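This report concerns only the one structure given below.
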Amino acid sequence: MENNPKLGFFFFNRLDAENHLQEIAKSDIDGTKTVGLSIHCIGLHSAYRITREHHPDIDFRFVPNYQEVKNLLKNKLNN
């Protein structure tokens with residue numbers, strides 16, 4: 001039996017989440033139609049609680065705001 005963990009993302013920016021969802025939908029049209037995709041807004045405390053609970057085969061990731069990361073890198077590289 002193959003072990004393929006599922007990914008669960010917690011985005012800090014809704015636009016980043018929507019863009020990611022669109023990219024997944026484009027790359028797996030049949031899977032998207034079969035299973036479906038969605039975005040849900042929850043608080044950080046709830047996201048943390050979910051990551052601390054037992055969820056076998058689900059790997060959760062926190063995804064920072066891409067624009068903030070880009071600005072940080074740009075500022076650090078310029079200094």
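The values are calculated or read from the model by the stated rules, or taken from the named source; none is laboratory data. From a predicted model like this one, the values you see are computed outputs, not experimental measurements. Cβ placement follows ideal geometry from the backbone for every residue including glycine, while neighbour counts extend to all protein chains displayed. Side chains included, ligands, DNA and RNA excluded: accessible areas come from the protein's heavy atoms. Shrake-Rupley method; radii C 1.70, N 1.55, O 1.52, S 1.80 Å.
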What is the dipole size for the chain, taken about its Cα centre, with +1 at each Lys and Arg Cβ and -1 at each Asp and Glu Cβ, in debye to the nearest 20? 380 debye
Relative contact order of the chain: what whole-number percent is it, with Cα pairs under 8 angstrom and at least 6 residues apart? 56 percent
Name the long-range amide H neighbours of N65: under 5 Å, sequence gap of 5 or more, or other chain; modelled H, no Pro or chain starts. F12
Could you work out how far helix 14-27 tilts from the main Cα principal axis of the chain, as a 0 to 90 degree angle to the nearest 10? 50 degrees
Would you kindly calculate the translational diffusion coefficient of segment 1-68, applying Stokes-Einstein with the Kirkwood radius from alpha carbon pairs, for 25 °C and a viscosity of 0.890 mPa s, and quote it in µm² s⁻¹ without decimals? 182 µm²/s
The chain - mean residue ellipticity at 222 nm from DSSP helices (-39,500 (n - 2.57) per run, n ≥ 4, rounded to 500): -16500 deg cm²/dmol
Once you place label points 7 Å from the Cα toward the Cβ at H20 and H55, how far apart are they in nm? 1.1 nm
1/(1 + (r/R0)^6) with r = Cβ-Cβ of N75 and S27, R0 = 30 Å, i.e. FRET efficiency to nearest 0.05, evaluates to 0.40
Might you tell me the accessible area per residue for segment 37-79, computed with a 1.4 Å probe and given in Å²? 90 Å²
